[in-house]
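Contents: one structure, followed by commentary.
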Amino acid sequence: MFKISNLTVSIDDKEILKNFGIEVGPGEVHAIMGPNGSGKSTLAHVCAGKEEYTVLSGNVVLNDEELLEMEPEERSTRGLFLAFQYPIEIPGVTTMTFLKSSLEAHYKANGREPLTTPEFMKYVKSKATELNIDDSMIKRPLNVGFSGGEKKRNEILQMALLDPKICILDETDSGLDIDALRLVAEGVNKLRNDNRSFIVITHYQRLLDYIKPDFVHIMHDGKIIQTGDSSLALDLEKSGYANYIK
């Protein structure tokens with residue numbers, strides 16, 4: 001379903017990813033852990049199409065389509081969703097307007113008839129209710145004045161509306177207290193199904209207490225150096241990365 005092969009990426013003539021590879025099957029959740037500077041966020045940004053990076057070799061394929069040949073917006077409409085570590089604020093644009101524009105762009109790109117305004121209102125409210133998101137948050141300017149937890153829950157709502165095939169969560173637990181973390185994880189778990197896969201990038205095992213991964217990977221120096229089940233994350237929490245890196 002989602003496969004990265006031999007991906008080598010540089011920025012300012014420094015290689016960050018080095019023949020990186022991972023394969024994520026339908027409905028699977030893969031957690032990627034690793035020390036600072038190992039290339040985790042670079043991986044997320046390159047998959048989404050951030051322009052600062054130079055792809056030297058490799059492939060990123062979603063449902064038999066090569067994403068590296070596409071613009072960022074095309075990757076999104078093909079089914080890739082990136083949840084940012086620090087979602088940006090957009091003053092003057094309500095969350096509702098942003099969600100409607102995003103959904104219309106996806107529908108148009110995929111040859112679907114856009115929803116009417118009443119249909120959209122009904123759709124977004126039903127998704128917000130499923131995710132226990134208050135209507136008042138949708139009426140506010142996008143992420144302006146939002147707490148860390150509200151920003152992340154807003155991204156989960158975006159994810160629910162756009163119905164992506166592969167979701168990359170780039171340290172979505174950053175800056176969240178334990179209650180906010182639990183709410184965000186509950187939202188992710190509600191969106192798990194046999195056709196939607198996740199890559200969860202995180203430093204801490206605590207997120208994986210709530211989002212149970214099928215596979216855990218340790219990333220170091222731009223590549224995966226160890227893969228295991230959820231017990232690998234527990235071991236990292238106890239002993240750190242030193243034993244694996246050396």
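Would you confirm, using the coordinates I've provided, whether SER41 is farther than 30 Å from SER230 by Cβ, in contact (Cβ under 8 Å) with a residue 24 or more places away in the chain, in contact with a strand residue (DSSP E or B) (Cβ under 7 Å, 6 or more places away or on another chain) and not in a loop (DSSP other than H, G, I, E, B)?
Values: farther than 30 Å from SER230 by Cβ: no; in contact (Cβ under 8 Å) with a residue 24 or more places away in the chain: yes; in contact with a strand residue (DSSP E or B) (Cβ under 7 Å, 6 or more places away or on another chain): yes; not in a loop (DSSP other than H, G, I, E, B): yes.
In short, no.
A quick yes/no check of all residues on (1) aromatic (Phe, Trp, Tyr); (2) surrounded by 18 or more Cβ atoms within 10 Å (Cβ to Cβ); (3) over 16 Å from the mean Cα position of the chain (by Cα):
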{"site": "ASP163", "(1), (2), (3)": "no, no, no"}
{"site": "GLU171", "(1), (2), (3)": "no, yes, no"}
{"site": "LEU181", "(1), (2), (3)": "no, yes, no"}
{"site": "HIS203", "(1), (2), (3)": "no, no, no"}
{"site": "LYS212", "(1), (2), (3)": "no, no, no"}
{"site": "ILE225", "(1), (2), (3)": "no, no, yes"}
{"site": "GLY228", "(1), (2), (3)": "no, no, yes"}
{"site": "ASP235", "(1), (2), (3)": "no, no, yes"}
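Could you tell me which of the residues GLY240, GLY175, GLY187 is at pLDDT below 95, out of contact with any strand residue (DSSP E or B) (no Cβ under 9 Å at 6 or more places or on another chain) and either on the phi < 0 side of the Ramachandran plot or among the aliphatic types (A, V, I, L, M) (or both)? Walk me through how you get there before you give the answer.
Numbers: GLY240 fails: either on the phi < 0 side of the Ramachandran plot or among the aliphatic types (A, V, I, L, M) (or both); GLY175 fails: either on the phi < 0 side of the Ramachandran plot or among the aliphatic types (A, V, I, L, M) (or both).
That would be GLY187, the only listed residue that is at pLDDT below 95, out of contact with any strand residue (DSSP E or B) (no Cβ under 9 Å at 6 or more places or on another chain) and either on the phi < 0 side of the Ramachandran plot or among the aliphatic types (A, V, I, L, M) (or both).
Select, from GLU66, GLU51, GLU15, GLU23, the only residue that is of a type in the set (Asp, Glu), within 23 Å of ILE211 (Cα to Cα) and surrounded by fewer than 22 Cβ atoms within 10 Å (Cβ to Cβ).
Numbers: GLU66 fails: within 23 Å of ILE211 (Cα to Cα); GLU51 fails: within 23 Å of ILE211 (Cα to Cα); GLU15 fails: within 23 Å of ILE211 (Cα to Cα).
Just one listed residue meets the conditions, GLU23.
Looking at the stretch 39-52 only, could you name the residues that are in contact with a helix residue (DSSP H, G or I) (Cβ under 9 Å, 6 or more places away or on another chain) and either at pLDDT 95 or above or small (Gly, Ala, Ser) (or both)? Steps first, answer last, please.
Of all residues in the stretch 39-52, those in contact with a helix residue (DSSP H, G or I) (Cβ under 9 Å, 6 or more places away or on another chain) come to 46-52.
Hits for the stretch 39-52 are VAL46, CYS47, ALA48, GLY49.
Quick one: which residue in LEU161, LEU157, LEU207, LEU142 is modelled with pLDDT under 90 and either more than 29 Å from LYS3 (Cβ to Cβ) or hydrophobic (A, V, I, L, M, F, W, C) (or both)?
Selected residue: LEU207, the only one of LEU161, LEU157, LEU207, LEU142 that is modelled with pLDDT under 90 and either more than 29 Å from LYS3 (Cβ to Cβ) or hydrophobic (A, V, I, L, M, F, W, C) (or both).
Given the structure, is ILE16 outside any loop (DSSP other than H, G, I, E, B), within 21 Å of ARG192 (Cα to Cα) and in contact with a strand residue (DSSP E or B) (Cβ under 7 Å, 6 or more places away or on another chain)? Write out each step before concluding.
Values: outside any loop (DSSP other than H, G, I, E, B): yes; within 21 Å of ARG192 (Cα to Cα): no; in contact with a strand residue (DSSP E or B) (Cβ under 7 Å, 6 or more places away or on another chain): yes.
Judged against the criteria, ILE16 is not a match.
Please tell me if SER197 is hydroxyl-bearing (Ser, Thr, Tyr), over 29 Å from GLU73 (Cα atoms) and either within 13 Å of the chain's Cα centre (by Cα) or in a helix (DSSP H, G or I) (or both). Step through it out loud before you land on a result.
Values: hydroxyl-bearing (Ser, Thr, Tyr): yes; over 29 Å from GLU73 (Cα atoms): no; either within 13 Å of the chain's Cα centre (by Cα) or in a helix (DSSP H, G or I) (or both): yes.
Answer is no for this residue.
Counting only residues that are among the charged types (D, E, K, R) and either in a helix (DSSP H, G or I) or free of Cβ contacts under 8 Å to residues at least 24 places away in the same chain (or both), which one in the stretch 164-194 is farthest from VAL24 (Cα to Cα)?
At the first step, the residues of the stretch 164-194 found to be among the charged types (D, E, K, R) are 165, 170-171, 173, 177, 179, 182, 186, 190, 192, 194.
Still in the list and also either in a helix (DSSP H, G or I) or free of Cβ contacts under 8 Å to residues at least 24 places away in the same chain (or both): 179, 182, 186, 190.
Numbers: ASP179: 29, ARG182: 25, GLU186: 21, LYS190: 19 Å.
The selected residue is ASP179.
The values are calculated or read from the model by the stated rules, or taken from the named source; none is laboratory data. The shown structure was predicted, so the numbers you read here are calculated from the model rather than taken from an experiment. Backbone-built Cβ (ideal geometry, glycine too); neighbour counts: all protein chains shown.
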